[in-house]
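Derivation of every value follows stated rules applied to the coordinates shown; laboratory data play no part. Please read these numbers as outputs of a predicted model, since none were measured by experiment. Cβ: placed from backbone, ideal geometry, glycine included. Neighbour counts: every protein chain shown.
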Amino acid sequence: MALKIYGVPRSRAIRTLWMAKELGLAYEHVPVPVGVEGSRSPAYLAINPNGHVPAIDDDGVVLWESLAINLYLAKKHGGPLAPANVAEDGQMTMWTLWAVTEAEPHCAAAMYNTLMLPEPERNPAAVAAALAALAAPLAVLDAALAKGGGFLVGGRFTVADLNLATVLFYLRGNPEALADKPAIRAWQAACFARPAAQAAMALRGD
Ligand SMILES: N[C@@H](CCC(=O)N[C@@H](CS)C(=O)NCC(=O)O)C(=O)O
């Protein structure tokens, strides 16, 4: 099989598993866990020297960085998820970089301190700070989705929506962050209702 996807579904590998399912790709899933036995093992470090999942080996093209992998797969396979021209390519790259710079650090801080850390280690002040930092970016996103007919680029679901939706998934424990963001809530519902999203999320087992 040409495409191998490394990483357990309960990690950022879910982003690439979702993308592969959207594109209907045949792939081999290698569920490398996080830690010394998996992502930090010598065998895996030879694939991704950063020690992070996911990574892919696409017939010899080895890539890491989940959202870059998705942009690559979209452009390689084409179709409605991919950019139709260089302007859309720019917009999809813009929203993907926006996801990792403007949203992900704050979404991750909120998630860790709401859902992931053992309860005694959770810091409510860190959650409040993260949600305060997200207020302006989320207002930008809500307005863009309202203006764009419910999607980020080209009035249709694309890799940009998939990439950003997987980052905003981190806010699932903080619905208050989206209480006054109806366009984001409608967009999230549309993204996660997709059959490929449902199939990928089922792999997480939650
Ligand atoms: N920016 C990277 C981050 C990858 C990342 O940090 N993955 C986590 C799992 S969600 C990981 O592998 N952690 C293991 C470690 O850092 O040891 C991406 O989007 O692929």
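Results, tabulated for the structure shown:
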read-out: Calculated FRET value between N50 and A190, using beta carbons and R₀ = 45 Å, to 0.05; value: 0.85
read-out: Point-charge dipole on Cβ atoms (K/R +1, D/E -1) for region 3-78, about Cα centre, debye to 20; value: 220
read-out: Electrostatic dipole magnitude of region 86-198 [Cβ: Lys, Arg +1; Asp, Glu -1; Cα centre; debye, to 20]; value: 280
read-out: Dipole magnitude of the chain, debye to nearest 20 (Cβ charges: Lys/Arg +1, Asp/Glu -1, about Cα centre); value: 280
read-out: Listed residues Y112, Y27, F157: farthest to the positive end of the dipole of the chain (Cβ charges); value: F157
read-out: Virtual spin-label span in nm between E28 and H77, 7 Å along Cα→Cβ; value: 1.8
read-out: Region 33-78: trypsin sites (Lys or Arg not before Pro) in DSSP loop, at most 15 other beta carbons within 10 Å; value: R40
read-out: Relative contact order, percent, region 22-171 [alpha-carbon distance under 8 Å, six or more residues apart]; value: 21
read-out: Label point 7 Å beyond Cα of R204 along Cβ direction - residues of region 158-181 with amide nitrogen under 13 Å; value: 165-174
read-out: Spacing of the two label points (7 Å from each Cα toward its C-beta) at E119 and V100, in nm; value: 3.6
read-out: Kyte-Doolittle at least 0.0, axis length at least 27 Å by Cα - qualifying DSSP helices, the chain; value: 124-147
